[in-house]
1. Give the residue that is surrounded by the most Cβ atoms within 10 Å (Cβ to Cβ), with candidates limited to residues of the range 81-91 that are of a type in the set (D, E, K, R) and within 16 Å of ligand 2 (Cβ to nearest atom).
2. Would you confirm whether or not the range 32-55 contains a residue that is of a type in the set (Val, Ile, Thr) and assigned to a loop (DSSP other than H, G, I, E, B)?
3. Residues 108, 141: which one is among the aliphatic types (A, V, I, L, M), within 11 Å of ligand 1 (Cβ to nearest atom) and at pLDDT 95 or above?
4. Would a scan of the range 53-67 turn up a residue that is in contact with a Phe, Trp or Tyr (Cβ under 8 Å, 6 or more places away or on another chain) and of a type outside the set (Lys, Arg)?
5. Given the condition in contact with a Pro (Cβ under 7 Å, 6 or more places away or on another chain), surrounded by 18 or more Cβ atoms within 10 Å (Cβ to Cβ) and at negative phi, answer yes or no: does some residue in the range 116-132 qualify?
6. If residue 58 satisfies every condition in (1) modelled with pLDDT of 95 or more; (2) more than 27 Å from residue 118 (Cβ to Cβ); (3) surrounded by fewer than 20 Cβ atoms within 10 Å (Cβ to Cβ) but one, which is the exception?
7. If I go through the range 62-80 residue by residue, how many of them are more than 13 Å from ligand 2 (Cβ to nearest atom), crowded, with 20+ Cβ neighbours inside 10 Å and outside any loop (DSSP other than H, G, I, E, B)?
8. Consider only pairs whose beta carbons are under 8 Å apart and that are at least six residues apart or on different chains; among these, list those whose first residue lies in the range 16-28 and is under 10 Å from residue 141 (Cβ atoms) and in contact (Cβ under 8 Å) with a residue 60 or more places away in the chain and whose second residue is buried (at least 21 other Cβ atoms within 10 Å of the Cβ) and among the charged types (D, E, K, R).
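The values are calculated or read from the model by the stated rules, or taken from the named source; none is laboratory data. The shown structure was predicted, so the numbers you read here are calculated from the model rather than taken from an experiment. All Cβ positions, glycine included, derive from the backbone under ideal geometry; neighbour counts span all protein chains shown.
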Amino acid sequence: MKKIFSATEWLIDDEDEMRRLGAMLAKAIEAGDVLGLVGNLGAGKTRLVQGIVQGLGSKIPAVSPTFALVQEHRDAVPPTAHFDFYRLRTADEALGMGWEDYLHGGMVLLVEWADRFDGSLMPPQTIWVVITGSGEDPRRVRIKL
Ligand SMILES: Nc1ncnc2c1ncn2[C@@H]1O[C@H](COP(=O)(O)OP(=O)(O)OP(=O)(O)O)[C@@H](O)[C@H]1O
Ligand SMILES: [Mg+2]
């Protein structure tokens, strides 16, 4: 990720602002970046991903890939894959679905619930994005490079 923004923490008032933060982060994203998105149910992980993939130029709107594990945005620049680990029952289930291949495939990887299994599926270079807050409260978004 390019160091083009000085802040590492933002207070986000609503879902549109969350998408705009995603679009801003997209300007800094480089091929091979792995973002681990952490936050409770409804924290805004998917909203942030929507902004990122739109910012990367994908015409495919990001939806929750909960039932498919992964949604690819091959038209994004760089090509991007969006994961949701929420419904994984075991870490082996991810490995069975080709997670290792994605880790070596050079796509941008955006992973919701990346802290499942204590984060053991995520590589050491993961850029952690932690969202706190719920309901209609503002969200605090922290990025740990
Ligand atoms: N400041 C905010 N930023 C983002 N979303 C907000 C904010 N305030 C309220 N919301 C609402 O919170 C919800 C966030 O939903 P979203 O699907 O992005 O969460 P999520 O973290 O992906 O949840 P899940 O764990 O189910 O995947 C939306 O309904 C959105 O309208
Ligand atoms: Mg989601």
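1. Here the answer is 84.
2. no
3. 141
4. Scanning the range 53-67 turns up at least one residue that is in contact with a Phe, Trp or Tyr (Cβ under 8 Å, 6 or more places away or on another chain) and of a type outside the set (Lys, Arg).
5. Scanning the range 116-132 turns up no residue that is in contact with a Pro (Cβ under 7 Å, 6 or more places away or on another chain), surrounded by 18 or more Cβ atoms within 10 Å (Cβ to Cβ) and at negative phi.
6. (3)
7. Qualifying residue count, the range 62-80: 2.
8. Final answer for the pair search is 18/47; 18/139.
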